[in-house]
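Everything below concerns the one structure shown next.
The values are calculated or read from the model by the stated rules, or taken from the named source; none is laboratory data. In this text, all values refer to a predicted model and were calculated from it rather than measured experimentally. Neighbour counts run over all protein chains shown; Cβ positions are idealised from the backbone, glycine included.
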Amino acid sequence: MNESQFDGLSQLGGSNEIPATPDAATLEAVPNPQIGTDYLIRFTCPEFTSLCPVTGQPDFAHLVIDYIADQLIVESKSLKIYLASFRNHAAFHEGCTVGIGKRLVDTLAPKWLRIGGYWYPRGGIPIDVFYQTGKAPDHVWIPDQGVATYRGRG
């Protein structure tokens, strides 16, 4: 890669404000440095937060995003800022988890993507949400997401 490949990036290497909403956030992509080789990229966000659209109370999740890139990979700082933009966003768990997956698909056009949203209990019930774009390729090692089903003190 050369520097000209990073010319369109607005967030890398600078100070950035957290956008007020996910729609206002910019997800940026860079060229895949290993085009022609299928490999798994994993992002883990163990402290994801959003707001309950009914009560306004905070919701917490552990997100795991796995994808196999085609031409583009997500620029990680822009992903971090995008995920942080959910802090004051009111949406159900399903809307957040699936919406993040679809936004990444729209930005990257990956060969394959899955996201697991492992949400902490709301009203005493944990809600886990999973989204995947299709069957995982057999020739790429895709480990388990490694997040245990929610278990209380028991």
Among the residues of the stretch 21-55, write down those that are surrounded by 15 or more Cβ atoms within 10 Å (Cβ to Cβ), touching a Gly at 6+ places or on another chain (Cβ under 9 Å) and not in a strand (DSSP E or B).
-> Pro22, Glu28
Check Asp70 against each of (1) over 22 Å from Ile35 (Cα atoms); (2) touching a helix residue (DSSP H, G or I) at 6+ places or on another chain (Cβ under 8 Å); (3) among the acidic types (Asp, Glu) and name the one condition it does not meet.
-> (1)
Quick one: is Asn32 modelled with pLDDT under 95, more than 12 Å from the chain's Cα centre (by Cα) and more than 23 Å from Phe130 (Cα to Cα)?
-> no
For the stretch 101-118, indicate whether the set of residues that are crowded, with 18+ Cβ neighbours inside 10 Å, over 23 Å from Pro137 (Cα atoms) and modelled with pLDDT of 95 or more is non-empty.
-> yes
Counting only residues in the stretch 65-79 that are in contact with a Phe, Trp or Tyr (Cβ under 9 Å, 6 or more places away or on another chain) and assigned to a helix (DSSP H, G or I), the one surrounded by the most Cβ atoms within 10 Å (Cβ to Cβ) is identified as Leu79
Given the conditions (1) buried (at least 16 other Cβ atoms within 10 Å of the Cβ); (2) modelled with pLDDT of 95 or more; (3) in a loop (DSSP other than H, G, I, E, B), every one holds for His62 apart from (3)
